[in-house]
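A short worksheet on the structure shown next.
The values are calculated or read from the model by the stated rules, or taken from the named source; none is laboratory data. A quick note: this is a predicted structure, and the numbers were derived from the prediction, not measured. All Cβ positions, glycine included, derive from the backbone under ideal geometry; neighbour counts span all protein chains shown. Note: areas computed on protein heavy atoms with side chains; ligands, DNA, RNA excluded. Shrake-Rupley method; radii C 1.70, N 1.55, O 1.52, S 1.80 Å.
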Number of protein chains: 2
Amino acid sequence: MTTETATIDSLDFPTPAYAIGDDAADLLFRDARTVGAFTDEPVTDADLEAAYDLLKWGPTAMNITPLRLLVVRSDDAKARLAALAAEGNRDRILAAPVTLVVAADPAFHRHLPVLAPHRAAMVEGLEGQVATREAMARTNTHIQTGYLVTALRAAGLDAGPMGAFDAAGVDAEFFAESGWQSQLLVLVGHRDGVGTHHPRAARLTWDQVSATA
Amino acid sequence: MTTETATIDSLDFPTPAYAIGDDAADLLFRDARTVGAFTDEPVTDADLEAAYDLLKWGPTAMNITPLRLLVVRSDDAKARLAALAAEGNRDRILAAPVTLVVAADPAFHRHLPVLAPHRAAMVEGLEGQVATREAMARTNTHIQTGYLVTALRAAGLDAGPMGAFDAAGVDAEFFAESGWQSQLLVLVGHRDGVGTHHPRAARLTWDQVSATA
């Protein structure tokens, strides 16, 4: 052990200082992990609504906000969903407190008089443009999925997004009436320790992902 | 004015208390706005890299993280980009400190040995599957766009996403060599007051966007 006089240069200033604070930056991004194993602590409807009350404010094209959520909570519904998921994900769905089916609503346009009153005149024209509505719903639901993952964490929950499932099968099983179109599954709960998860994967550097003009 | 003895029931407890704190919840979601007019305060590369250093941790399928960013900063590049944007957005691009072109990189698979070492064997097979790679890049870049908007705000910046532009024209103008595919424009800067923006649009309620099974 050496004894040295501390100098200003040796102090470890945290950089950058995020506007939301370093603890929030850690919770939302830097320490957050895709989680597949959860404690028994329940996920309440109030927890999920709290997350929605944040994510709903994220921007979308014309404020169409087409993301919809099926909260799969009962043992029966978990079994029906698990049967339509990749084999490696079935036990996780059965074990998680809740799995969300993230879906896009191609009938988003019917809400335009509320969501974008100055666009209300577009409702009639969009009614017959099914492919356009499906593409808009799909794209903007994916953007909202980014807000969803962040908002679940902001609400103190852990999330485990999973893409491998039979989307057409899920739509037939759960969305025959609503017409929602499933895009992603997200396990939700409180993480069961960190030792059970994979080591964190690497990311590309700023120089690898950016260019300047 | 009445004088009453305060009771515990009359106290206004904030609910819910977000894990990130109410100030961060406000900054990221509740008080955040799509911004189109900015102050002269510059947006540095360090600011943008700080935002990237958060968004990069958000989950994507197989950790492919295909989002790429063109930082449009010079007067010349702003003019070239503005010419390919919807007429109503041109002045905003010329005036904003920076506009980001959010793009998807269909060549993401070449990074798999770093991003997902256990999937490195997939690189060769994906090389010939252009349509599959383009779809994967597009979807996951949209999800990362949700992280991007949140991370820009976390880094103290304001964002103005805009969808109306000639994507094929932008790809030809800026991405002929890289093969990146543009998806969205995002004005970035520090908001110039709040009085210049539209009143906040409504959102759907939790009951309108969710179902339980």
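Distances between equivalent label points of A:Ala46 across the copies, with each point positioned 7 Å along Cα→Cβ, amount to 4.4 nm, shortest listed first.
Remark on A:Phe165: its backbone amide H falls under 5 Å from those of A:Ala86, a criterion applied only to residues 5 or more positions apart or on other chains, H modelled at 1.01 Å from N.
Across all C-alpha atoms in the stretch B:126-176, the radius of gyration and Dmax reach 14.1, 41 Å. The region of chain A that goes longest without hitting one of the GluC sites (Glu not before Pro) in a DSSP loop, each with at most 11 other Cβ atoms within 10 Å, is A:5-176. Electrostatic bookkeeping for A:Leu187 treats Lys and Arg as +1 and Asp and Glu as -1; over the other residues with beta carbon under 9 Å from its beta carbon, the sum is 0. Considering only chain A, the C-beta nearest to the rotation axis that sends A to B is found at A:Gly146, 1, the distance in whole Å. With q set to 0.22, 0.23, 0.24, 0.28 Å⁻¹, the log10 of I(q)/I(0) for the stretch B:139-202, from the Debye formula over equal scatterers at the Cα positions, is -1.06, -1.10, -1.13, -1.22. The 3J(HN,Hα) values that the Karplus relation (6.51, -1.76, 1.60; θ = phi - 60°) gives for the stretch B:96-109 are, in residue order, 5, x, 8, 10, 8, 8, 7, 10, 9, 9, x, 8, 4, 5 Hz. Gly and Pro appear as x. Label-to-label distances for A:Asp23 across copies, nearest first, come out at 1.1 nm, using points 7 Å from Cα in the beta-carbon direction.
Karplus-based coupling profile of the stretch A:22-28, in residue order and whole Hz: 5, 5, 5, 4, 5, 5, 7, with θ = phi - 60° in 6.51 cos²θ - 1.76 cosθ + 1.60 and x standing for Gly or Pro. Here is what passes the span test in chain B: the DSSP H helices with alpha carbon length of 24 Å or more along the helix axis and a Kyte-Doolittle mean of -1.0 or above are B:130-154. When only alpha carbons are used to place a centre, the stretch A:103-134 and the stretch B:145-187 end up 24 Å from one another. Taking chain A as a Gaussian network, where each spring joins two C-alpha atoms under 10 Å apart, which residue of A:Gln129, A:Gln183, A:Gln144 fluctuates the most? Looking only at A:Gln129, A:Gln183, A:Gln144, the biggest GNM fluctuation is shown by A:Gln129. Comparing B:Pro106, B:Pro66, B:Pro199 in a Gaussian network model of chain B, where Cα atoms under 10 Å apart are tied by springs, the biggest mean-square fluctuation is seen for B:Pro199.
Taking amide H as placed 1.01 Å from N in the peptide plane, the amide H of B:Ser182 sits under 5 Å from that of B:Ala104, B:Asp171, each at least 5 places away or on another chain.
Within 14 Å, Cβ to Cβ, of B:Asp158, how many net charges do the neighbouring residues add up to if Lys/Arg are +1 and Asp/Glu are -1?
Values: positive: B:Arg33, B:Arg92, B:Arg153, B:Arg191; negative: B:Asp26, B:Asp31, B:Asp40, B:Glu41, B:Asp47, B:Asp192.
Net local charge, B:Asp158 excluded: -2.
On a per residue basis, the stretch B:45-191 carries 36 Å² of accessible surface, using protein heavy atoms and a 1.4 Å probe.
Given the -39500 (n - 2.57) contribution per DSSP H run of 4+ residues, what per-residue ellipticity at 222 nm results for chain B, rounded to the nearest 500 deg cm²/dmol? About -10500 deg cm²/dmol. Diagonalising the gyration tensor over the Cα atoms of chain B and scaling each eigenvalue by 5 before taking the square root yields semi-axes of 36, 25, 16 Å, largest first.
Net charge within 13 Å of A:Gln144 by Cβ-Cβ distance, Lys/Arg positive one each and Asp/Glu negative one each, not counting A:Gln144 itself? Intermediate results must be reported in sequence, preceding the final value.
Working: positive: A:Lys56, A:Arg68, A:Arg138, B:Arg203; negative: A:Asp105.
Once positives and negatives cancel, what remains is +3.
Within the listed set B:Arg30, B:Arg138, B:Arg90, the Gaussian network model of chain B (springs between alpha-carbon atoms below 10 Å) gives the highest mean-square fluctuation for B:Arg30. The share of alpha-carbon pairs in the protein assembly as shown lying farther apart than 29 Å comes to 47%.
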